[in-house]
Structure formats: C-alpha cells, structure tokens
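The values are calculated or read from the model by the stated rules, or taken from the named source; none is laboratory data. Here the structure is a predicted model, which means the values were calculated and not measured. Reconstructed Cβ throughout: ideal geometry from the backbone, glycine too, with neighbour counts over all protein chains shown. Ligands, DNA and RNA are stripped out before the accessible areas are found, and what is left, the full protein with its side chains, is counted by its heavy atoms. Shrake-Rupley method; radii C 1.70, N 1.55, O 1.52, S 1.80 Å.
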Amino acid sequence: MSGHGAGDVVRLAQRLADVTAGRGVEPMPATLTAVSTAVLLLGAPWALTRATLGLLGAGDGVAAPLTRKLWLSNVAVVPYLAGSAAQLLAWTEQPTPEAERALGACYEVLAGVDLPGLVEGAGGDVLGAIYTELIAPADRNARGAFYTPADVAQLIAAMSLPEEGDSVSEPCCGTAGMLVATIRAMRRRGLRPETIRWVLGDVDRTALALAAVNMAAHGMVHVRLVPGNALAD
C-alpha cells in the first residue's frame, strides 16, 4: 500500500470541493455522498471499485439513481445503514442538473486516486478527515468538530482494547475515528471486533451517518445509532 498522509486527504477534500463549486453547487452534499459511497464499495477489489466509480461518474442523469440503488442493496444487508442513507442521500431524490453533474464529477475524481491508500493513511477514517475539511472553520469551532489524527487515535485505542463480546458506547463518536482505530487494533491482536456491540451517539447527524458508513465498511454487525446529545439526556 502506498504511503499517504493527512496532507493527501486534505488535498483530495479541496479537489472535491473545487469540482462541485465549479458546477455551481455547495460542496458538502455531493462530496459526502460520493466519498461515503466509495468507502462502502471498498470491500470489493479496488479494480472493481474503481470501475464502478467510473460508471457512476459517466454521463448525465446516472450518478444519483445508481447511487441510490447501491445504497438500497447495502441497507438490505446492513440495516443500520438506513439512517445514513436517509441523511446522506435525501438531496438525490430530486437533484438539480448541476448537483447531478457535481456528484458525477466527484466519482470521476475518486476513481482516479489511490483511495485504499488514502483510507489507510487516514487510519481507516478518511470520511472524518474530509468532513472536517468541508466544514467552515467558524462552524467547526461552534460544533466542536475536530478530526482526531490517525496516529493519536491508534495510540489511544491500543491502550484500552475491549474484550470480545463486550459492549462499547461512544456518546460523542463523530465519524467513529476512535472506534475504527479500536477495530483495527483488535484485529492486529487477533481479536474479533465483530463480536462487540457498538453504541454510537452524536449530536451531529451527518457525522453519525458517516460513522455508520465507517462501521459497515469495517464489517461491524452489531451497531446501534443514537442521534442527539446522549450526555445531556
């Protein structure tokens, strides 16, 4: 796997924002939809995923309906993704021509990069890094939304691994970067994170939707999503 760092993910986020803004639409919806869909597809060999991303980006009127079909097939296998589909795909029900073209352009960009390498360089959570870059700095400060660097997340995760069959609750999960680090650390030690019951909460529903995508992409089965301020409740 090629070595990619945080700077490469930042540049990808900026490139995706540029291609959407260049088509006259706000960058966040199309970019997050495209990247989260690509992450879901990474369970397949990269050559197949790249070809699929190229197909999604080919021609007008293709990207949105094919994206919805892909998500429906994933929701059928991983039911907890239904909330993510509702959050991330609502705008694709009746997209403007500009938004449709922006989504297709995002897929074209993603098909042309080393996405597996970028995911690895982000410690498994490329969604968190990209989402953080797309949020305006003032809004980021107001939300307290900060991406935990991959090396920091890996260090913290390695210090307190759960046992197989445990329940793990994260009331402020963000995009689940810390939980992804835990999953990866468990696998390095020969443990099965699939046996854990994960409870994820966050006041930011978009972040929670991306967290669910991350958990599904890493093969987690027992996941419960709790939107809202779990600490206050």
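What does the C-alpha gyration tensor say about the overall shape of the range 32-74? Classify as rounded when a/c is under 1.5, otherwise prolate if a/b is larger than b/c, or oblate.
Oblate, since a/c reaches 1.5 and b/c is not below a/b.
Quick one: among P116, P79, P27, which has the greatest mean-square fluctuation in a GNM of the chain with alpha-carbon springs under 10 angstrom?
P79
Given a 1.4 Å probe and the protein chains all in place, what does the accessible area of D114 round to, in Å² to the nearest 10?
Per-residue accessible area (D114): approximately 50 Å².
For the range 166-225, would you read off the P(r) tail past 18 Å as a percentage of all alpha carbon pairs?
23 percent
Identify the trypsin sites (Lys or Arg not before Pro) of the range 18-114 meeting these criteria: DSSP loop state and at most 16 other C-beta atoms within 10 Å of the C-beta.
When the trypsin sites (Lys or Arg not before Pro) of the range 18-114 are filtered for loop state and at most 16 Cβ neighbours within 10 Å, nothing remains.
Just how much of C173 is accessible, in Å², when a 1.4 Å probe is used and the result is rounded to the nearest 10?
10 Å²
Send over a whole-number figure in Å² for the accessible area per residue of the range 5-65, probe 1.4 Å.
Spelled out: the 1.4 Å probe surface of the range 5-65, per residue, equals 43 Å².
Please state the relative contact order of the range 15-94 as a whole percent: Cα pairs under 8 Å, 6+ residues apart?
After rounding, I find 25 percent.
Taking GluC sites (Glu not before Pro) as exposed when DSSP calls them loop (any state but H, G, I, E, B) and at most 13 other Cβ atoms lie within 10 Å, what is the longest stretch of the chain free of them, the sites themselves excluded?
1-92
Label points 7 Å out from Cα along the Cβ direction at D60 and A47: separation in nm?
Going by the 7 Å Cα→Cβ label model, 3.5 nm.
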